[in-house]
Structures are given as C-alpha cells and as structure tokens.
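Just below is one structure, and these are the notes that go with it.
The values are calculated or read from the model by the stated rules, or taken from the named source; none is laboratory data. Being a predicted model, the structure only gives us computed values, none of them experimental. Every residue, glycine as well, gets a Cβ built from its backbone with ideal geometry; the counts of neighbours run over all protein chains shown.
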Amino acid sequence: MDNLRPVLDAINQLYAAVLEPAAWSPAVENVADLLRAEHAIVFSPGSADGGDAFAAVRVDTAHAARIHSAEAAQLGSRMLSGIPLGLAFSSASVIPDRDMENSVFYNEIVRPANGFYSTSACLGAGGTLTALNFCRPRRKGPFDVDAIGKLQAILPHFANAIELSRRLAAARQQASDLQQLLDRVDTAVVLVDAAGQPSYANGRALRIVGQADGLMLGASGLVAATPPATRRLRHAIAGIGRYDVAASGHGAGQDLRLERPSRRPPLLLSLFPVWQMALSPVGTSAPRVAIFVTEPDDCPPINRDAIADAFRLTPREASVAALLATGYDLKGVTRILEIGIGTARYHLKNVLGKTNTSNQVTMVASLRGFVRRTAE
C-alpha cells in the first residue's frame, strides 16, 4: 500500500488540475518526480488552456516547442512507429543507445534540452492525439520497468483528466459567449437558483435592482418591496426551479407583477426554467430560473439617424419624431428642443406625411422598431 500512495497522490493531483488549469504544471511535475525524470512535456494541440501544451516542466518553452514541432515529429516517427495508443514505453526499448546518439533527432531536438532517455506514451483522449514525454540525461540511465509501470497505471487517469478539461473549457467558453450576449440585450435578465439567489444579472437588471424600487437584492436573495410580494416572488421562483422539463418535454413560465414604492407602473417579471446554462460563478448554486424584467414606462431611445434615413426626415423632424416615440408629449418636445408649440406641430405634420401615418399614435408605433441598441 505504501508503494501505491505516491501513484494515488499523483492521480489525485491530475484530477484536481481539471478545475484549475494553472495546476497542470505542478501535477505533471509530481508525475515527473515519481518517475525520477528531470523534465517533462505533456503536449496536446488545442488543449484545455487554449494553447498547444498542457505543461512543460523544468524545460524552457523554446525546447518544448522544438520537441513537438513538425520537424521533430518527422524525425521521431521511427520511435513511435507501431506503438499503440495508451501504452507506456521506454525509448531504450525502441532504439539502441548508439543509434540514438548518432540520430539527427537526438542531436537536433533532444540533446539541446539535456535529454537522452525517455518514457513516453500517446493518448487519443477526446479524438486528439496527446503526447507525454518524461525525460532524463544519459548519465541517469534508462527508465526501468518500475517507472514504466507507474506511468502505465497513471495513463488512463491522464486521459480522463484531459478529456474532462476539454469539456469544462468548452462549457466555460459557451457560458462566456452566452453572458456576453445577455449583456448586450435591452431586456433585463437575472439568473437565480431555486432559492432566489442570483448567479448572474446583466447591466440593465443591475440598474433596476440598484434603484431598489420594487425589486432588490437582500441577504437571502431577490426581494420585492413588501413581504407578501417577496413571498409571491419566492414561491414563483421555487415552483419554476422544481419544474422537470425532461418529464413534460416543454417549458413552463410564469408572469408576475411587482408594485413599486415610487408609484411608477409595476415591474413585469417573466420567469422561465433554465437548463444547462452553466453561468454560475464558483461558490454559487447553478441557475435554475431565468427572470426577464420589464419596466413598462422605460422607453429606450430611438435611433434618430435610422428614422431620418428610412423616412427622409430633416434633422429637426427626426428629433421631434424620436422624442415623441420615446414617450414625450409635444410640450416635452418643445422644452427639450427649445422650440415653440406651433413649430413642433408643423414638424409633426411633416413626419406624419413622410411616415404615411394618420395620427401620432400610429406614427409612434411605426417608429418603435428603431430602438438604439446599446450595450449596458
């Protein structure tokens, strides 16, 4: 059992590195020490850290790059020819010392890195070839059967850890892409767990919560303006969070109104179940519910340049039209643009004609699609 302990410790470090890419180098170094290797390189194109190698231990990056260059692969193909994936082997069993020392592969690739003997293996984890090399100089002698056996015992766990790292990196990238998308939408979005604790909120949602007007963040999670409203919110979240989409085959949502102490129109919440979004940061529960929050009285600005171009409006007509479509009345337009009411009506008449609408309500409705999209 004592002889197995170092191997088990090395395996545990490999799995620990799955969650923390920076831990790959220490984990590989631990395996190198176990095998009594002076340096090691684990090479995997498109690896978990986004580069072409998980770790280069006690060898500089220039030597690591040279060892796993296309030239090196061509020169070393004789050593790897016929060796199956997942099998640990010693270089001394593949090529005699004299042939090794006279080879271009040794003199151009291995020797500059102070290597000679190696115990190596190739893995096919995740459909991508991964090469593991643990090396030592000639004076240290070849790797014995014990060292090769230890590497062989570790190889399946190496393969598992590499595959898990790839999948986790892909999930993190998907989560990052989705978060960037949600950050750019105009609708407020909050992701919470079944207890109402947020794990993500986009910029618009943070602004609404920061106003503390109908929806706030307390120690226990999202809260409303009153205890009864908070209970209704939590009940809705809990119900959506328990929803089993696999059992029913379709989604289930719920709408909720939250009154605001400021007496502004109530917030409108739409709650939907969330599956496999993987957006929660470390230390929080996985999101189960997506909450979309709408402020009925909050009209986003209209893109004046777009409506001017679409309807051939003059700059002043576009300004009047944009303000009216944003929610201002004619008096508000005159105040902002510092024009008289007669001038405002004149511009409105021209806008109605150019937009082919008969009244202000219809005109505003036709312009609402020209919202200016801005990142929060």
Exercise. Has region 183-199 got at least one residue that is within 21 Å of VAL42 (Cα to Cα) and β-branched (Val, Ile, Thr)?
Worked result: no
For this session: Test LEU164 against the criterion of being under 29 Å from ALA16 (Cα atoms) and either touching a residue at least 40 places away in the same chain (Cβ under 8 Å) or touching an Asp or Glu at 6+ places or on another chain (Cβ under 8 Å) (or both), and give yes or no.
Result: yes
Problem set entry | Pairs with Cβ under 7 Å, 6+ apart, first in region 340-353 and over 14 Å from ARG312 (Cβ atoms) and assigned to a helix (DSSP H, G or I), second modelled with pLDDT under 95 and polar (S, T, N, Q) | ILE341/THR334; ALA344/THR334; LEU348/GLN360
Problem set entry | Among the candidates PHE143, PHE158, residue that is in contact with a Ser or Thr (Cβ under 9 Å, 6 or more places away or on another chain), outside the structural domain of SER262 (by TED's automatic domain parsing) and not in a helix (DSSP H, G or I) | PHE143
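Restricting to region 205-222, count the residues that are farther than 13 Å from LEU269 by Cβ and either acidic (Asp, Glu) or crowded, with 20+ Cβ neighbours inside 10 Å (or both). Break it down stepwise before answering.
Kept after step one, since they are farther than 13 Å from LEU269 by Cβ, are these residues of region 205-222: 206-207, 210-213, 216-221.
Narrowing the set further to residues that are either acidic (Asp, Glu) or crowded, with 20+ Cβ neighbours inside 10 Å (or both) leaves 213.
Going through region 205-222 one residue at a time, the tally reaches 1.
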Problem set entry | Selection count where residues are of a type in the set (Ser, Thr, Tyr), assigned to a helix (DSSP H, G or I) and over 30 Å from VAL189 (Cβ atoms), scope region 295-337 | 2
Exercise. Just for helices (runs of 4 or more DSSP H) wholly inside region 20-137: which have at least 2 residues that are in contact with a helix residue (DSSP H, G or I) (Cβ under 8 Å, 6 or more places away or on another chain), closer than 25 Å to ALA169 by Cα and modelled with pLDDT of 90 or more?
Worked result: 24-35
Seminar exercise, completed: Within region 6-29, residues under 20 Å from the mean Cα position of the chain (by Cα) and of a type in the set (Asp, Glu) come out as GLU20
Problem set entry | Residue tally, condition more than 20 Å from ALA40 (Cα to Cα) and within 45 Å of the chain's Cα centre (by Cα), over region 91-115 | 1
